[in-house]
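Notes to accompany the following structure.
The values are calculated or read from the model by the stated rules, or taken from the named source; none is laboratory data. Treat the numbers as computed from the prediction; the structure is a model and nothing was measured. Heads up, the Cβs are rebuilt from the backbone with ideal geometry, glycines too, and the neighbour counts pull from every protein chain shown.
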């Protein structure tokens with residue numbers, strides 16, 4: 001893992017474009033925060049759109065949902081590492097940091113929307129085109145990988161081998177998209193209304209309008225003006241004009257094309273940490289008054305200095321929580337990255353996630369709430385950034401601990417909670433009456449072995465161990481098929497030789513022909 005950027009090394013080497021983005025990001029001190037360990041602070045009521053509630057992230061089946069416009073901020077230079085996203089998102093997020101954002105006092109909603117649209121242009125071009133032009137794909141996706149929805153795991157594995165030969169046509173397509181979108185932005189600015197430019201499902205004009213709807217009150221608030229005044233020196237992400245942002249976007253695009261060199265920001269990781277903590281404290285202060293507001297104001301001013309002692313700052317805040325009603329220290333300083341002596345990880349938040357996906361395994365390991373928290377803390381200490389759902393990462397960790405029954409339960413629960421894309425070719429093309437040639441386990445089938453103890457806890461079977469086949473039916477709903485555990489070894493080894501068994505497994509859709517014709 002690249003500890004400076006908070007990203008697995010291979011994600012920075014998946015394409016020629018991602019390599020260059022990583023170089024510039026590292027020189028700029030940029031990095032990513034782990035989304036699942038970062039707590040979202042309550043938004044002040046007057047920052048919310050009228051009549052709307054604060055959409056805090058909520059766990060569901062081990063997935064912490066990210067609201068598209070509430071959680072993302074162009075002015076947060078630290079990007080987000082979300083385990084549910086595909087690896088191409090790392091470069092996309094770092095690119096946002098390298099682009100920066102434009103903000104002007106008293107700007108109209110339309111001006112804010114244009115700036116947001118422009119800030120999104122190059123990161124989107126990178127994600128859909130420049131990165132894709134040299135990232136490796138699996139055999140099935142040589143003519144185009146899925147860029148929306150669940151990532152192809154085989155493509156993700158292939159991209160770990162580094163870039164493929166550059167696809168010039170894909171780069172040209174990306175450049176045409178970039179230029180057309182930039183013309184639409186310039187025309188929008190000229191005529192004073194949004195001129196859309198659609199490319200497939202990409203609609204940056206609409207995205208920008210949604211972003212400003214969610215963020216406008218914050219962007220037009222006095223606390224945000226203070227945020228800019230206190231925490232942004234020149235060449236540290238903020239552009240004082242639309243023209244400045246436009247020039248940066250063009251320069252960085254040319255750098256990725258090898259035409260010009262874009263300088264990194266004049267900053268260090270601590271610069272971005274101070275900005276992030278500054279906004280978090282400003283957010284807390286916006287809901288405070290009286291003596292505690294004065295204390296928070298002093299802390300915000302202390303953060304303005306590059307020499308601020310972050311450990312001392314956190315201790316000061318903790319002292320305030322003992323005297324005033326404030327969000328606790330863990331909530332405020334769980335930022336998703338380490339700082340000072342603090343891990344920056346919310347163990348309570350990850351425990352909520354584990355409880356939502358693997359309650360049986362968690363309760364097997366610890367039957368008291370305090371013990372569950374201890375399990376979550378041990379897991380969090382070993383949980384590095386991976387593009388895997390929480391339940392599966394927890395299963396991997398349990399395997400390293402040698403916790404066999406808990407491991408079986410966790411794998412079972414995680415499989416039930418993780419969406420499995422339906423293999424439409426299995427449903428429509430497999431000829432169950434024609435069993436000849438090699439067979440393979442269907443791509444949408446997950447096989448789980450449960451020992452007698454685990455099966456009893458999960459209330460499956462009639463006693464004894466079981467082999468489960470978990471698979472979506474033609475409607476996409478998951479079904480659990482309970483099978484003889486003696487089938488586990490031949491299935492896992494791909495050696496089902498008995499013709500009656502082969503025919504039955506083919507009929508059930510657990511096995512499919514390697515060739516359909």
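Hey, among the residues in the stretch 1-31 that are outside any helix (DSSP H, G or I) and within 17 Å of residue 126 (Cα to Cα), which one's nearest to the chain's Cα centre (by Cα)? Give the steps one after another, and end with the answer.
Here is the first cut: in the stretch 1-31, the residues outside any helix (DSSP H, G or I) are 1-8, 14-15, 29-31.
Those left that are additionally within 17 Å of residue 126 (Cα to Cα): 14-15.
Values: 14: 17, 15: 19 Å.
Per the stated criteria, the residue is 14.
Return the only residue of 104, 52, 139, 156 being in the same structural domain as residue 222 (by TED's automatic domain parsing) and either at pLDDT 95 or above or buried (at least 23 other Cβ atoms within 10 Å of the Cβ) (or both).
Values: 52 fails: either at pLDDT 95 or above or buried (at least 23 other Cβ atoms within 10 Å of the Cβ) (or both); 139 fails: either at pLDDT 95 or above or buried (at least 23 other Cβ atoms within 10 Å of the Cβ) (or both); 156 fails: either at pLDDT 95 or above or buried (at least 23 other Cβ atoms within 10 Å of the Cβ) (or both).
Sole residue among the options that is in the same structural domain as residue 222 (by TED's automatic domain parsing) and either at pLDDT 95 or above or buried (at least 23 other Cβ atoms within 10 Å of the Cβ) (or both): 104.
Residues checked against (1) within 29 Å of residue 359 (Cβ to Cβ); (2) without any contact (Cβ under 8 Å) to a residue 60 or more places away in the chain; (3) out of contact with any strand residue (DSSP E or B) (no Cβ under 7 Å at 6 or more places or on another chain); (4) not assigned by TED's automatic domain parsing to the domain that holds residue 406:
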site: 451; (1), (2), (3), (4): yes, yes, yes, yes
site: 469; (1), (2), (3), (4): yes, yes, no, yes
site: 491; (1), (2), (3), (4): yes, yes, no, yes
site: 495; (1), (2), (3), (4): no, yes, yes, yes
site: 503; (1), (2), (3), (4): no, no, yes, yes
site: 506; (1), (2), (3), (4): no, no, no, yes
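Exactly one condition in (1) under 24 Å from the mean Cα position of the chain (by Cα); (2) in contact (Cβ under 8 Å) with a residue 60 or more places away in the chain is not met by residue 241; state its number.
Status for residue 241: all satisfied but (1).
Considering only helices (runs of 4 or more DSSP H) fully contained in the stretch 347-405, which possess at least 1 residues that are modelled with pLDDT under 95?
The qualifying helices (runs of 4 or more DSSP H) are 359-365, 369-382, 390-401.
Just a yes or no: is a residue in the stretch 110-120 surrounded by fewer than 21 Cβ atoms within 10 Å (Cβ to Cβ), at pLDDT 90 or above, under 25 Å from residue 206 (Cα atoms) and assigned by TED's automatic domain parsing to the domain that holds residue 159?
Yes; the residues of the stretch 110-120 include at least one that is surrounded by fewer than 21 Cβ atoms within 10 Å (Cβ to Cβ), at pLDDT 90 or above, under 25 Å from residue 206 (Cα atoms) and assigned by TED's automatic domain parsing to the domain that holds residue 159.
Report, by residue number, each residue of the stretch 174-188 that is touching a residue at least 40 places away in the same chain (Cβ under 8 Å) and surrounded by fewer than 17 Cβ atoms within 10 Å (Cβ to Cβ).
175
Is it fair to say residue 437 is on the phi > 0 side of the Ramachandran plot, surrounded by fewer than 21 Cβ atoms within 10 Å (Cβ to Cβ) and out of contact with any strand residue (DSSP E or B) (no Cβ under 9 Å at 6 or more places or on another chain)?
For residue 437, the condition - on the phi > 0 side of the Ramachandran plot, surrounded by fewer than 21 Cβ atoms within 10 Å (Cβ to Cβ) and out of contact with any strand residue (DSSP E or B) (no Cβ under 9 Å at 6 or more places or on another chain) - is not met.
Quickly run through the stretch 231-251 and pick out the residues that are surrounded by fewer than 20 Cβ atoms within 10 Å (Cβ to Cβ) and closer than 18 Å to residue 106 by Cα.
Matches in the stretch 231-251: 240, 241, 242, 243, 244.
Consider residue 305 carefully, then state whether it is at pLDDT below 95, outside any helix (DSSP H, G or I) and over 23 Å from residue 44 (Cβ atoms).
Against the criterion (at pLDDT below 95, outside any helix (DSSP H, G or I) and over 23 Å from residue 44 (Cβ atoms)), residue 305 qualifies.
Give just the number: which of (1) surrounded by fewer than 13 Cβ atoms within 10 Å (Cβ to Cβ); (2) in a helix (DSSP H, G or I) does residue 320 not satisfy?
Against the list (1) surrounded by fewer than 13 Cβ atoms within 10 Å (Cβ to Cβ); (2) in a helix (DSSP H, G or I), residue 320 comes up short only on (1).
From the residues in the stretch 23-36 that are under 13 Å from residue 263 (Cα atoms) and touching a helix residue (DSSP H, G or I) at 6+ places or on another chain (Cβ under 7 Å), which one is surrounded by the most Cβ atoms within 10 Å (Cβ to Cβ)?
25
For the stretch 491-500, which positions are touching a helix residue (DSSP H, G or I) at 6+ places or on another chain (Cβ under 9 Å) and closer than 21 Å to residue 460 by Cβ? Can you show your working first?
If we filter the stretch 491-500 for residues that are touching a helix residue (DSSP H, G or I) at 6+ places or on another chain (Cβ under 9 Å), which is where we start, we get 491, 495-498.
Correct list: 491 only.
Please give the number of the condition residue 157 fails out of (1) within 27 Å of residue 444 (Cα to Cα); (2) outside any helix (DSSP H, G or I).
All conditions are met except number (2).
Out of the residues in the stretch 463-507 meeting the condition of being in a helix (DSSP H, G or I) and under 35 Å from the mean Cα position of the chain (by Cα), tell me which one is farthest from residue 412 (Cα to Cα).
Per the criteria, the residue is 493.
From (1) surrounded by 17 or more Cβ atoms within 10 Å (Cβ to Cβ); (2) over 14 Å from residue 232 (Cβ atoms), pick out the condition that doesn't hold for residue 265.
Unmet for residue 265, out of (1) surrounded by 17 or more Cβ atoms within 10 Å (Cβ to Cβ); (2) over 14 Å from residue 232 (Cβ atoms): (2).
For every residue, the table says whether it meets (1) under 17 Å from residue 31 (Cα atoms); (2) modelled with pLDDT under 95; (3) in contact with a strand residue (DSSP E or B) (Cβ under 8 Å, 6 or more places away or on another chain).
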residue: 226; (1), (2), (3): no, no, no
residue: 239; (1), (2), (3): no, no, yes
residue: 246; (1), (2), (3): no, no, no
residue: 251; (1), (2), (3): no, no, no
residue: 265; (1), (2), (3): yes, no, no
residue: 272; (1), (2), (3): yes, no, no
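Is there a residue in the stretch 473-480 that is surrounded by 13 or more Cβ atoms within 10 Å (Cβ to Cβ) and not assigned by TED's automatic domain parsing to the domain that holds residue 354?
Scanning the stretch 473-480 turns up at least one residue that is surrounded by 13 or more Cβ atoms within 10 Å (Cβ to Cβ) and not assigned by TED's automatic domain parsing to the domain that holds residue 354.
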